[in-house]
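First the structure, in the form of structure tokens, and then the observations on it.
The values are calculated or read from the model by the stated rules, or taken from the named source; none is laboratory data. No experiment lies behind these values; they were computed from the predicted model shown. Because the Cβ atoms are built from the backbone with ideal geometry, glycine has one as well, and the counts that use them run over all protein chains shown.
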């Protein structure tokens, strides 16, 4: 297996995420500020210097955007705090696909029988449900699923979304031809606006791609070392990486399973262009004492501490942890992200499930440094 960094961004993914950003900008910036406060860093200085061109791009996009905000909010309101699978309703339907596939999908939606499309739209939503997917011999095969029967029980009993988002999913599932066509048109009609505004970012993206390739060349395990996601070390197939520009401080791994678009399964990693820089600043790899303090802060949270205690006994997957601690899966996902960034926990893929385990080497080093500092 090797990591292959793509030559450019995934245009559709970035356009979609830009629409998400302008709908949730205040919330996203406040989260960024909170993360900087945690590490006593100057967020305004970082935004004005390191993200200067990024926010120039955002402002230019906003001034040229003609889509009414009330329509954008239907599809792009943030749901990440209550739903661990995705960050907005748009990403349930349009995820990890190309411009050509999006246009073909729009034509397919317009030509499909209304009842067939309704069933496919419900299946698309039910792809979010691990409870159902675990019952399928082939996790990607939803052909045997009775979508009409399973849809409402999922929304009422297992879906962690707020009531407004559940309402919109119900509305979309009942009239998918109208709403999915509107969503796709929003993205396609924003492409030219995006391209023009994005010119200010092109040199920074080129540099990031070049630097990321160098980091991987110098250390073939750079991705797993920097993210704590060790499942990639077990991968047999090559892993293709797109630079993630709008979601600049995150790393995600997207797998395409789409009943509506009927496209081939494809998996890509999206590596935030500021992820490693921000991680290095927050963890402070060269400062042993700072790393210790950051990890102590992480473990001072009762839920994170309880998760570590459970994982010390055995590896567990997210829903197990959620049930044991009476937390939502979205809350568990939030805690796991923090533990992974602190390198106290890592992920492994076993039988198509993601298991979490304590990183014993990091834990030993953490205890060694703690003992040294306190003795």
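For this structure, a couple of remarks:
- From the list 182, 150, 204, the one residue that fits, being in contact with a helix residue (DSSP H, G or I) (Cβ under 8 Å, 6 or more places away or on another chain) and within 29 Å of residue 275 (Cα to Cα), is 204.
- Taking region 1-78 and the helices (runs of 4 or more DSSP H) fully enclosed by it, the elements with 1 or more residues that are within 15 Å of residue 198 (Cβ to Cβ) are at 11-23, 52-64.
- Qualifying positions in region 139-152 - at pLDDT below 75 and in a helix (DSSP H, G or I): 147
- If the condition is being under 23 Å from residue 183 (Cβ atoms) and over 17 Å from the mean Cα position of the chain (by Cα), then region 27-51 contributes no residue at all.
- Residue check for residue 102: under 22 Å from residue 178 (Cα atoms), buried (at least 20 other Cβ atoms within 10 Å of the Cβ) and over 25 Å from the mean Cα position of the chain (by Cα): no
This table checks each residue for (1) farther than 24 Å from residue 294 by Cβ; (2) at pLDDT 85 or above; (3) assigned by TED's automatic domain parsing to the domain that holds residue 158; (4) outside any strand (DSSP E or B).
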site: 322; (1), (2), (3), (4): yes, no, no, yes
site: 327; (1), (2), (3), (4): no, no, no, yes
site: 336; (1), (2), (3), (4): no, no, no, yes
site: 343; (1), (2), (3), (4): no, no, no, yes
site: 349; (1), (2), (3), (4): yes, no, no, no
site: 355; (1), (2), (3), (4): yes, no, no, no
site: 364; (1), (2), (3), (4): no, yes, no, yes
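- Applying the set (1) closer than 30 Å to residue 126 by Cα; (2) out of contact with any helix residue (DSSP H, G or I) (no Cβ under 8 Å at 6 or more places or on another chain); (3) at pLDDT 90 or above to residue 26 leaves exactly one unmet item: (1).
- Residue satisfying all of: in region 212-221; in contact (Cβ under 8 Å) with a residue 60 or more places away in the chain and in a helix (DSSP H, G or I); farthest from residue 356 (Cα to Cα) among these: 213
- Criterion: modelled with pLDDT under 85 and in a loop (DSSP other than H, G, I, E, B) - qualifying residue of 265, 247: 265
- Of the residues in region 157-167, at least one is over 23 Å from residue 353 (Cα atoms), surrounded by fewer than 19 Cβ atoms within 10 Å (Cβ to Cβ) and modelled with pLDDT of 90 or more.
- In region 52-77, of all residues being closer than 28 Å to residue 180 by Cβ and within 22 Å of the chain's Cα centre (by Cα), the one that is surrounded by the fewest Cβ atoms within 10 Å (Cβ to Cβ) corresponds to 73.
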